1. Test of understanding: extend the Cα→C-beta vector of Glu26 to 7 Å, then name every residue of the stretch 1-17 with backbone N under 16 Å from that spot.
2. Give or take rounding to whole Å, what are the principal axis extents of the alpha carbon atoms in the chain, in descending order?
3. Enumerate the calculated ³J(HN,Hα) couplings along the stretch 18-34 in order (Karplus 6.51 cos²θ - 1.76 cosθ + 1.60, θ = phi - 60°), each rounded to whole Hz, writing x wherever the residue is Gly or Pro.
Amino acid sequence: QIESLQADIARLEKQYEDSEKFLNREAAFEEQRLHEEVKYWKDKNYRLG
């Protein structure tokens with residue numbers, strides 16, 4: 001009983017770590033994309049202005 005609970009907890013912790021890594025990667029990707037977009041609009045605005 002205890003062993004299976006510990007196994008469940010370990011599995012949940014692993015899932016949590018994996019999803020956290022995934023979310024961090026997604027957030028970093030989104031931040032990079034936004035940075036590129038801002039740069040694009042600044043350049044475009046500079047050329048127009």
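Throughout, read-outs are computed from the coordinates displayed, never taken from laboratory work. Here the structure is a predicted model, which is why all the values come from computation and not from measurement. Glycine also receives a Cβ, built like all others from the backbone with ideal geometry; neighbour counts cover every protein chain displayed.
1. Within reach of a label on Glu26, which here means backbone N under 16 Å from a point 7 Å along Cα→Cβ, the stretch 1-17 contributes 15-17.
2. 71, 7, 5
3. Listing the rounded values in order: 4, 5, 5, 4, 4, 5, 4, 5, 4, 5, 5, 5, 5, 4, 4, 5, 5 Hz.
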